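Notes follow the structure.
The values are calculated or read from the model by the stated rules, or taken from the named source; none is laboratory data. Note that this is a predicted model, so its numbers are computed, not measured. Neighbour counts run over all protein chains shown; Cβ positions are idealised from the backbone, glycine included. Surface accessibility is based on the protein's heavy atoms, side chains included, excluding ligands, DNA and RNA. Shrake-Rupley method; radii C 1.70, N 1.55, O 1.52, S 1.80 Å.
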Amino acid sequence: DLWEFTPSTGEWTWVSGGGATGRLPASYGTLAVPAASNVPGARYGAAGWVDASGNLWLFGGLGYDATDTSSDLLNDLWMFTPSTGYWTWMGGNTLVRPANAGLYGTLGTPNSNNLPGGRLLASTWTDNSGNCWLFGGDGYGASGAPSGALNDLWELNPKTLQWTWMGGSDAVNPYGTFGVQGTAAAGNTPGGLYGAFTWVDGSGNFWL
């Protein structure tokens with residue numbers, strides 16, 4: 001279920017989705033085509049962003065795919081447009097079986113084939129250009145199952161819909177490299193983790 005809160009009135013509005021719990025599958029529709037019947041499946045621990053145009057983006061989580069037979073780690077990408085009230089399936093897989101392994105490609109190089117693996121409780125930021133960033137979570141690396149804590153860093157360009165693997169490991173449960181406290185270095189990276197809190201400061205730096 002999707003809700004909107006209006007601060008000026010103090011009122012909630014039920015905008016989209018079901019009013020029940022349980023095995024609620026997704027209705028994907030056609031890739032990149034908005035429709036009133038489109039809706040993500042029931043899930044929790046999904047990642048989200050708001051782009052420069054005010055659209056809402058949703059990625060992954062643990063939940064149900066296009067069927068209602070089982071739940072697992074998703075890597076589907078959705079956009080919700082508040083002005084129309086429509087969901088659009090923008091990328092990723094419609095099924096959770098087999099395990100949705102990450103397709104990393106080449107570090108630092110965007111590609112239409114790149115795709116983060118299925119995961120939940122990832123950390124997110126939006127940069128000053130409206131790009132969406134994703135870090136870690138509990139999910140699948142390049143080898144698929146079993147899942148574990150991740151430390152991969154991804155950038156999504158909402159205009160091109162291309163993912164770029166920007167840092168971290170493509171395997172699960174990597175150790176962190178801390179370096180010297182207060183000193184930036186190319187080799188520094190957080191270890192695999194999930195459920196971390198994030199924010200962006202006035203200079204556009206990401207904090208974890």
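Looking at the stretch 26-45, which of its residues are surrounded by fewer than 22 Cβ atoms within 10 Å (Cβ to Cβ) and either farther than 18 Å from T81 by Cβ or of a type in the set (A, V, I, L, M, F, W, C) (or both)?
L31, A32, V33, A35, A36, A42, R43, Y44, G45 - these are the residues of the stretch 26-45 that are surrounded by fewer than 22 Cβ atoms within 10 Å (Cβ to Cβ) and either farther than 18 Å from T81 by Cβ or of a type in the set (A, V, I, L, M, F, W, C) (or both).
So which residues in the stretch 176-208 are of a type outside the set (G, A, S), surrounded by 11 or more Cβ atoms within 10 Å (Cβ to Cβ) and in a loop (DSSP other than H, G, I, E, B), if there are any at all?
F178, N188, P190, L193, Y194, T198, L208 - these are the residues of the stretch 176-208 that are of a type outside the set (G, A, S), surrounded by 11 or more Cβ atoms within 10 Å (Cβ to Cβ) and in a loop (DSSP other than H, G, I, E, B).
Within the stretch 161-193, take every residue that is within 19 Å of L103 (Cβ to Cβ) and among the β-branched types (V, I, T) and give me the one that is nearest to the chain's Cα centre (by Cα).
By that ranking, first place goes to T164.
I'd like the residue in the stretch 106-131 that is farther than 17 Å from G167 by Cα, at pLDDT 95 or above and small (G, A, S) and, out of all such residues, is surrounded by the fewest Cβ atoms within 10 Å (Cβ to Cβ).
Looking at residues that are farther than 17 Å from G167 by Cα, at pLDDT 95 or above and small (G, A, S), I get S112.
Being of a type in the set (G, A, S) and loosely packed, with under 10 Cβ neighbours inside 10 Å is the requirement here; does G19 meet it?
Answer is yes for this residue.
Restricting to the stretch 158-175, name every residue that is more than 12 Å from Y194 (Cβ to Cβ) and open to solvent by less than 50 Å² (accessible area, probe 1.4 Å).
Across the stretch 158-175, the qualifying residues are P158, W163, T164, W165, G167, G168, S169, A171, P174.
Among L95, L103, L134, which is the only one that is aliphatic (A, V, I, L, M), under 21 Å from Y28 (Cβ atoms) and surrounded by 21 or more Cβ atoms within 10 Å (Cβ to Cβ)?
The match here is L134.
Given the options N157, N131, N113, N100, name the one that is in contact with a Gly (Cβ under 6 Å, 6 or more places away or on another chain) and not hydroxyl-bearing (S, T, Y).
The conditions single out N100.
Taking the stretch 151-160 as the search range and keeping residues that are under 13 Å from the mean Cα position of the chain (by Cα) and not polar (S, T, N, Q), which one is modelled with the lowest pLDDT?
Checking each candidate, the answer is P158.
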